[in-house]
Amino acid sequence: MRFFVFISALIVLTGTLHAQVPVPPLPPTGPPILLELGNIQYNPSTGDGTVSMMMTSEVPIAGFQFDLVFDPAAVLLVSATGGLAEDFGYDVGVGSTSGTVLGFSFTLVEIPPTSVPDVLTIVAFNCSACPNGPPELCIENAIFSDVGALSIPADLGPCATAVALPLFLRGDCNTDGSPNVADAIFLLAILFSGGTAAGCVDGCDTNDDGSMNIADAVHFLAFLFAGGAPPAPPGVQNCGLDPTADSLDCLTPGPCS
Ligand SMILES: [Ca+2]
Ligand SMILES: [Ca+2]
């Protein structure tokens, strides 16, 4: 009898405990796709720029469309290339003045889910009529479709401002605007005697091999005094962009900025 009383009490107590433990709510499920702006580069001397459109998706997609809205509005879209869209053979078109980017597959090839942000496509634009520097841009009106032509909801990332690429003179290692022997001395001091760090390492990389070292000093001195080849583009005459991608930076490009 005592046993049954104990069991009954335990059942009542257990029921009470269960009743007191709150059931956590299920986490809210957002749209399965996030489209956001990635790296945005801008050449202030020409107005040409590119923006990488980054997509994270829990589901496969079979088509996409979105608008890029610029401030100022005088920006023309030029093309959309590369990324997942190109990898999967999508036809991608841009509306030059409308800002619309449209991608689809004639053969209904799906772009598979991406658990981390991946480049969907790289949109090239031109803003030669931007008087106040790099434009701001936003994504609007994004539409994604599955292979059954049903639309898939998507979240959109925040607006962002294009980043102006640095203009510099190759060889102007000390960024005083004048490539001369002082630049070779400045570079040698950095390399061998603890000299002040370069504000524009690209300017010191006179042979543009992506590394600042003694070869750059030799290359530059040969140019100055022995009829050697001039520094790599953009050269010593006119400020310009680095035509090759490398890990060197140009944080303070001096008179070219
Ligand atoms: Ca100099
Ligand atoms: Ca070099």
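None of the figures in this text is laboratory data; all of them are computed from the coordinates on show. As the structure is a computational prediction, the values presented were derived from the model and not from experiment. Here the Cβ positions follow ideal geometry from the backbone for every residue, glycine too, while neighbour counts run over all protein chains shown.
Only Lys, Arg, Asp and Glu carry charge here, each on its Cβ (+1 for the first two, -1 for the last two); on that basis the chain has a dipole of about 820 debye about its Cα centre. Residues whose amide H falls under 5 Å from that of Gly228, counting only those 5 or more places apart or on a different chain, are Phe223, with hydrogens built in the peptide plane. Assign one of three labels to segment 82-130, namely rounded, prolate or oblate, based on the Cα gyration tensor with a ≥ b ≥ c the square roots of its eigenvalues; rounded applies when a/c is under 1.5, prolate when it is not and a/b is larger than b/c, and oblate otherwise. Taking the square roots of the gyration eigenvalues as a ≥ b ≥ c, segment 82-130 is oblate. Backbone amide hydrogens, once placed in the peptide plane, bring Asp155 within less than 5 Å of Ile33, Leu34, Leu35, excluding anything fewer than 5 places away on its chain.
Taking the inverse of the mean 1/r over every pair of distinct Cα atoms in the chain gives a Kirkwood hydrodynamic radius of 22.4 Å. Gly63's amide H: which non-local residues (gap 5+, or another chain) put their own amide H closer than 5 Å, with H modeled 1.01 Å from N in plane and none for Pro or chain starts? Those qualifying (amide H under 5 Å, at least 5 residues apart or on another chain) are Ser145. Rounded to the nearest whole angstrom, the semi-axes of the ellipsoid equivalent to segment 181-256, taken from the Cα gyration tensor as √(5λ), stand at 17, 16, 12, largest first. The sum of -39500 (n - 2.57) across all DSSP H runs of n ≥ 4, divided by the residue count of the chain, sets its helix-only mean residue ellipticity at 222 nm to -6000 deg cm²/dmol. If one takes the longest principal axis of the Cα atoms in the chain, at what angle in degrees, from 0 to 90 and to the nearest 10, does the Cα axis of helix 2-20 lie? Relative to the chain, helix 2-20 is tipped by roughly 40 degrees.
Taking the DSSP bridge list for the chain and keeping only pairs wholly inside it, about 90 percent are antiparallel.
Entry note, the chain: relative contact order of 19 percent, from Cα contacts under 8 Å with a spacing of 6+ residues. Peptides 117-128, 88-99, ordered by how many other C-beta atoms sit within 10 Å of their residues on average, highest first, read 117-128, 88-99.
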